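Okay, so here's the structure we're looking at.
The values are calculated or read from the model by the stated rules, or taken from the named source; none is laboratory data. What you see is a predicted model, and the numbers here were worked out from it, not measured in a lab. Cβ coordinates were reconstructed from backbone atoms using ideal geometry, including for glycine residues, and neighbour counts include every protein chain displayed.
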Amino acid sequence: MLACASMTMGVVAVAATPSRIVSLNLCTDEYLLLTARPGQIASISRLGADPQESPLADRARGLATNNGQLGDVLAQSPQLVLTMGHDPQATALAARLGLKLVALPYPASPDEVAAHVRQVAALVGNAPAGAAFASKVAALTATAPPARAGLMIGGSGLAPAMNGLAAAWLRLAGIRQQRGGQISLETLLVQPPAILIRNVYRPGQRSLPQAWTQHPALRQLKARQVEADGRAFLCGGAAMPAEIMRLRKALS
């Protein structure tokens, strides 16, 4: 009798683990690529498979992609749909069709990112992957270097908010973001930071916002300059521990 009960519980546990999972958002793409086991992913968004958008794109080789809309993946018969942010239409459609849709809120700290990864890992039946990521974040927090004043800027001189997610990750690299918002080239030339982190996104792309970070005047600043991988900071999620370790090395 006990053997039958155990066998039944085992069948239920296996059935509860989804085998066809889709992600509709670049950030949940990265969570899924980090935690899913081979064969579980039915598709991710096309951005998650683009090496210019995601540092984890190499893990997406051979996977099907979608356009980020729930209607685009219905033919894949997903057992679990992941996305980020609230989309009332997608939520209503998923409820009408009986689909399990999990919409994660946008994280505000590295600890919240770790919690999201653990949540996704639990959903896909790979809790150890979530625990491993959380351990990396905890280790980064415990070994964070003393904070030095610095400034990260991206395209068009946009600087992350001083109390936002990017700034929180930067603190784990030993940098305290001095200011946020739009910063003019003139301001940088008159009041240069001691450390300038240029957040480079799509470096080969010809656009005015991206050209801004390569302006010759920036090269002449009397500031220590390093480049950050804009792809990692785009989501500030699953790719960040490796990026923080790289920045620590570059700033040491």
- [ ] Working carefully through the options A166, A161, find the one that is surrounded by fewer than 20 Cβ atoms within 10 Å (Cβ to Cβ), within 23 Å of E53 (Cα to Cα), in the same structural domain as A238 (by TED's automatic domain parsing) and small (G, A, S).
- [x] A161
Task: Among residues of segment 20-38, those that are closer than 21 Å to A131 by Cα, at pLDDT 95 or above and in a loop (DSSP other than H, G, I, E, B), counted - done: 1
TODO: Please find, among A42, A64, A49, A16, the residue that is at pLDDT below 95 and either under 28 Å from E112 (Cα atoms) or surrounded by fewer than 17 Cβ atoms within 10 Å (Cβ to Cβ) (or both).
DONE: A16
TODO: Would you point out which residue out of D87, D111 is outside the structural domain of P241 (by TED's automatic domain parsing), free of Cβ contacts under 8 Å to residues at least 24 places away in the same chain and of a type outside the set (S, T, N, Q)?
DONE: D87
Open item on the list: Condition first: at pLDDT 95 or above and under 18 Å from L26 (Cβ atoms). Now tell me which residues in segment 74-102 satisfy that.
Closed with: P78, L80, V81, L82, T83, M84, L101, V102
